Amino acid sequence: MEHAMGKTCIPNNSEQVVTISRSLLSNALALGVKPIGSSVWGIEELRTFLSNKSFLGRKVEEIVSVGQLFNVSLEEILYLEPDLILAWEPAVEAVYPLLSQVAPTVVFSFDDLVKDWKEAFATTAKVLNREAEAQRVWDHYNQRIKDLKSAIGDRYENKTISVVGVYDGGRRAYADAKNSFIGSILEELALQRPPAQNINIDGGGTIDGISEERLELLDGDILFVLVSEFGHTEAYESLKQKPLWKKLNAVQNERVYLVDVFAWSTESPLAADAVFDDLYKYLVQSPLHELGDSL
């Protein structure tokens, strides 16, 4: 099979898989394959949310850490004796020659995982010889789209949905554009985006580096803020104190909702399932006047 860093002969039915990417970990789990190891970025952070906040929950239990995403442990991977490694190119570009000596290694480019998450999932299914399982995943995904569209109806026909994140202690923010993971889901649900976010952005669909002076780019009728226990929530709390933040339409109308950054930024069907749950909770179950700012 040809991939981002060459050509690899892969086993028909891999049983000892290592993933180096949170999206690839999630894709494998969705297909019924539990990796024996994965990068820290995709496991240790998620284990913080095992009680009730992680979209992968206990699915990650007993998966061994193989190091940080951009500093994987070759020794740990070698010890696990994988028969297949699935990796993200930016994280393994320097060590690919060594990884490929440990086990057949299939590398997904930045564009593979970020620009077209559905195609990346299909490729993962092909590599793992799980294409029948992939079809069942898509049948479930399409049914959820259909059910959620029906539940939403036309109540948001003239409302815009903004999706943003905050970092750097609240001094910088970003917004998910039309061609982001979340953007693609909202488009399938026929939910409108603010004009500033209803665009395609190179490099994964993120409008990055939004300063305090340009907070209007974050505004919409409904505002979802991506947070976690790894600094995102603190950054958001700091941003809330800014005078320009308090002038946003969604803030004044109390339509700000906090959601899990891992679920809303991991390009995979399992993450999409968690996003559907959040959208149902806040757009269908919550009255229009209900106070937001909840997780």
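At a glance:
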read-out	value
Members of the stretch 61-93 found to be part of a strand (DSSP E or B), open to solvent by 100 Å² or more (accessible area, probe 1.4 Å) and touching a helix residue (DSSP H, G or I) at 6+ places or on another chain (Cβ under 7 Å), listed by number	Gln68
Residue list for the stretch 137-174, filter: among the polar types (S, T, N, Q) and either touching a residue at least 24 places away in the same chain (Cβ under 8 Å) or closer than 17 Å to Gln197 by Cβ (or both)	Asn158, Thr160, Ser162
Restricting the stretch 94-127 to residues that are part of a loop (DSSP other than H, G, I, E, B) and touching a helix residue (DSSP H, G or I) at 6+ places or on another chain (Cβ under 7 Å), the residue that is most open to solvent (accessible area, probe 1.4 Å)	Val95
Some residue of the stretch 149-157 being over 21 Å from the mean Cα position of the chain (by Cα), at pLDDT below 95, open to solvent by 20 Å² or more (accessible area, probe 1.4 Å) and not acidic (Asp, Glu)	yes
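The values are calculated or read from the model by the stated rules, or taken from the named source; none is laboratory data. In this text the structure is predicted, and so the values were computed from the model without any measurement. Neighbour counts are summed over all protein chains in view; Cβ atoms, including those assigned to glycine, are modelled from backbone coordinates with ideal geometry. Heads up: the accessible areas ignore ligands, DNA and RNA and are worked out on the full protein's heavy atoms, side chains in. Shrake-Rupley method; radii C 1.70, N 1.55, O 1.52, S 1.80 Å.
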